């Protein structure tokens, strides 16, 4: 179903709700049996009837978003506003809850429900979830309830969610997923039976899109089965944390010049690597894994101030979960915790990717790097004595590694 068709469909449902009717976007029996609507909530006291009548979700994202007092939360596809109103309760008078919906009628309905509830810390926006009308790093939590599966451009939706979240921000959404590669026949059967399943991604595809957007600590928990491999699920993830004015995001080809300049500056110290000249971007790109590459950027200028990336240690399948990493910080930005934030984010992303061992070699003279790695759970495996010549001098290398607590066990 095209986006415009979806908007028209939900606008019609909003008009029904405005007239006091209970609405469903699936067959009524499937809606009830599948736990859609208000079935997943246990804290609805005091909410206006209009919000309850127009509840079309497939779960309760507010219950898993761990909202705290004073936070700002955004609901993507807010419909009649039930999750926004519940969020407003959780964040309290010093917090704020935004709702965003592409249907003007749904926004009207939500605003009416908010007025009836007498809630002040709420604002509803008219717009699409693929182009969120809020500035970057403006919210602490993004929630959504059975809406992202309806989008034709889910990558754009998740990229926008990542953009508007502050560093360390959280994603907590309910959605419909499939338990494997979607079979067209099974998918069609599910969509015909419970129209809410339209556009559902497989769990693996969902994880891949979240990682591509920059999210980490991804968890997908199935909550209800609807047959034909279709399930309601809670999807949780986080944006990497870093200090004010900075952001950690996936590395892009457009970052090449700045990444290589920081690389060269690190090599010039004589304490980073046996290499003395940074490779070309083509060489860098070929030597690093296509995923597990991140940069720290100044959000005001867009300048790259540090990066982290991984290389495979072997092409043999048995070593598929073993990587060697490198982390470099701009010489003018050191001692600000950037390296620690990058390495912390890298470890989280590696866990998501199923990596069971991260390793690296550190010159004994690089005490700061050794201290950082040990603080983040790396252990010294041993010392390779006089392993190579660097500027004509034989040098030792300390081997460090970090073993995953979950992957590979």
field: Residue list for the stretch 247-264, filter: part of a helix (DSSP H, G or I) and touching a strand residue (DSSP E or B) at 6+ places or on another chain (Cβ under 8 Å)
entry: 255, 258, 259, 262, 263
task: Filter the stretch 114-169 for residues that are farther than 21 Å from residue 239 by Cβ and in a helix (DSSP H, G or I) and give the result.
output: 114, 115, 116, 117, 149, 150
field: Enumeration of residues in the stretch 267-290 that are surrounded by 14 or more Cβ atoms within 10 Å (Cβ to Cβ), within 29 Å of the chain's Cα centre (by Cα) and under 23 Å from residue 369 (Cβ atoms)
entry: 284, 288, 289
field: Conditions (1) at pLDDT below 55; (2) touching a helix residue (DSSP H, G or I) at 6+ places or on another chain (Cβ under 7 Å): number failed by residue 49
entry: (2)
query: Given the residues 161, 156, which is the only one that is under 25 Å from residue 216 (Cβ atoms) and without any contact (Cβ under 8 Å) to a residue 60 or more places away in the chain?
result: 156
- prompt: Quick one: what pairs do we get from the stretch 277-300, first residue on the phi > 0 side of the Ramachandran plot, second modelled with pLDDT of 95 or more and outside any strand (DSSP E or B), C-beta under 6 Å, 6+ apart or different chains?
  reply: 292/349
Given (1) touching a helix residue (DSSP H, G or I) at 6+ places or on another chain (Cβ under 8 Å); (2) surrounded by 15 or more Cβ atoms within 10 Å (Cβ to Cβ), number of the condition residue 350 does not satisfy: (1)
- request: Go through the stretch 350-368 and give me each residue that's free of Cβ contacts under 8 Å to residues at least 40 places away in the same chain and touching a strand residue (DSSP E or B) at 6+ places or on another chain (Cβ under 8 Å).
  value: 361, 362, 364
query: Before we move on, is residue 224 in contact with a strand residue (DSSP E or B) (Cβ under 7 Å, 6 or more places away or on another chain), in a strand (DSSP E or B) and free of Cβ contacts under 8 Å to residues at least 40 places away in the same chain?
result: no
field: Selection from the stretch 100-145 of residues that are in contact (Cβ under 8 Å) with a residue 60 or more places away in the chain, surrounded by 15 or more Cβ atoms within 10 Å (Cβ to Cβ) and either assigned by TED's automatic domain parsing to the domain that holds residue 298 or touching a strand residue (DSSP E or B) at 6+ places or on another chain (Cβ under 6 Å) (or both)
entry: 137, 139, 140, 141, 142, 143, 144, 145
message: Considering only residues that are surrounded by 19 or more Cβ atoms within 10 Å (Cβ to Cβ) and more than 16 Å from residue 173 (Cβ to Cβ), which ones fall in the stretch 215-242?
response: 226, 228, 229, 230, 240, 242
message: Looking only at the stretch 291-325, how many residues end up being under 19 Å from residue 400 (Cα atoms) and either surrounded by fewer than 20 Cβ atoms within 10 Å (Cβ to Cβ) or out of contact with any strand residue (DSSP E or B) (no Cβ under 8 Å at 6 or more places or on another chain) (or both)?
response: 9
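The values are calculated or read from the model by the stated rules, or taken from the named source; none is laboratory data. Because the structure is predicted, anything quoted here is derived from the model rather than measured. When we count neighbours, we look across all protein chains shown, and the Cβ atoms used for this are built from the backbone with ideal geometry, even at glycine.
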